[in-house]
Amino acid sequence: MKIGILAVQGAFEEHKKLLDKIGVASFEIRKKSDLEQKFDGIILPGGESTVMGKLLRELDMFDTIKSLIDNGMAVFGTCAGLILLANKICNDTNIYFASMDFTAKRNAYGRQLGSFEINSTFADCGEIPMVFIRAPYIERVGDKVEILATVNNKIVAVRQKNCLATAFHPELTDDTTVHKYFISMIK
Ligand code: GLN
């Protein structure tokens, strides 16, 4: 088992630390040739979706990653990574991998609630700490999308087949629940 972590921008190192903690090997995806090795899943970290989208195109990795996901490779997007997976963004004209049928709202909590932490239930795993940083939330989900978490009546974690997305950053806590959930999608 080996997970590739997109490492062109944003909070990628923190994902590696959590994967290390649960004994899962990982490597950084920085350039196209990094995608030539054999691996089992991809993490799209938090950061700035517009910057990551631009760099993915400039580094010529966009199409390769999109086809891996479209062909069933497991993917986990956190925060900006969730935006990269949405098939609609209500307040942005960009669209990226469009792998999941939901509408994301960028920077959805406004200025005052820009960053916050809360404990809430994730899937059937009980309560976990959730860290939100200029986070999106999900406004609409299609029928094939399973809702895994809501906070203040807003959807903040979803799954659709091989794709998992959270508006919060589990990698900025030391709770391994969501990473374990992701790995269980692959096994
Ligand atoms: N606001 C960022 C975006 O729209 C996401 C923030 C984050 O990943 N922490 O891409």
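Restricting Y137, Y109 to those that are touching a strand residue (DSSP E or B) at 6+ places or on another chain (Cβ under 7 Å) and either more than 25 Å from I95 (Cα to Cα) or modelled with pLDDT of 95 or more (or both) reduces the list to Y137.
Count of the stretch 42-59 residues, restricted to those that are over 14 Å from the mean Cα position of the chain (by Cα) and of a type in the set (S, T, Y), is 1.
Taking the condition closer than 19 Å to G10 by Cα and of a type in the set (D, E, K, R), does R106 pass? So R106 fits the description; yes.
Looking at this structure, is I118 within 16 Å of the ligand (Cβ to nearest atom) and under 20 Å from I5 (Cα atoms)? So I118 does not fit the description; no.
Scanning the stretch 69-107 for residues that are among the β-branched types (V, I, T), within 21 Å of L55 (Cβ to Cβ) and part of a strand (DSSP E or B) gives V75, T78, I89. Looking only at residues of the stretch 66-88 that are touching a residue at least 40 places away in the same chain (Cβ under 8 Å) and over 14 Å from the mean Cα position of the chain (by Cα), we find that the one that is surrounded by the most Cβ atoms within 10 Å (Cβ to Cβ) is K88.
In the stretch 109-175, counting only strands (runs of 3 or more DSSP E) that sit wholly within it, the ones holding 1 or more residues that are over 14 Å from the mean Cα position of the chain (by Cα) and surrounded by fewer than 21 Cβ atoms within 10 Å (Cβ to Cβ) span 115-121, 127-133, 137-141, 146-151, 154-160.
Would you pick out the residues in the stretch 60-93 that are within 13 Å of the ligand (Cβ to nearest atom) and closer than 22 Å to I5 by Cβ? G77, T78, C79, A80, G81, L82, I83, L84, L85, A86 - these are the residues of the stretch 60-93 that are within 13 Å of the ligand (Cβ to nearest atom) and closer than 22 Å to I5 by Cβ.
Rundown of residues vs (1) of a type outside the set (G, A, S); (2) within 19 Å of I83 (Cα to Cα); (3) modelled with pLDDT of 95 or more; (4) surrounded by fewer than 18 Cβ atoms within 10 Å (Cβ to Cβ), yes/no style:
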| position | (1), (2), (3), (4) |
| --- | --- |
| F27 | yes, no, yes, yes |
| R30 | yes, no, yes, yes |
| S33 | no, no, yes, yes |
| I42 | yes, yes, yes, no |
| G47 | no, yes, yes, no |
| T50 | yes, yes, yes, yes |
| E58 | yes, yes, yes, yes |
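Checking each residue in the stretch 1-49 for being of a type in the set (F, W, Y) and in a loop (DSSP other than H, G, I, E, B) picks out F12, F39.
The values are calculated or read from the model by the stated rules, or taken from the named source; none is laboratory data. These numbers come from a predicted model, not from an experiment. Positions of Cβ are generated from backbone atoms using ideal geometry, with glycine treated the same way; all protein chains shown enter the neighbour counts.
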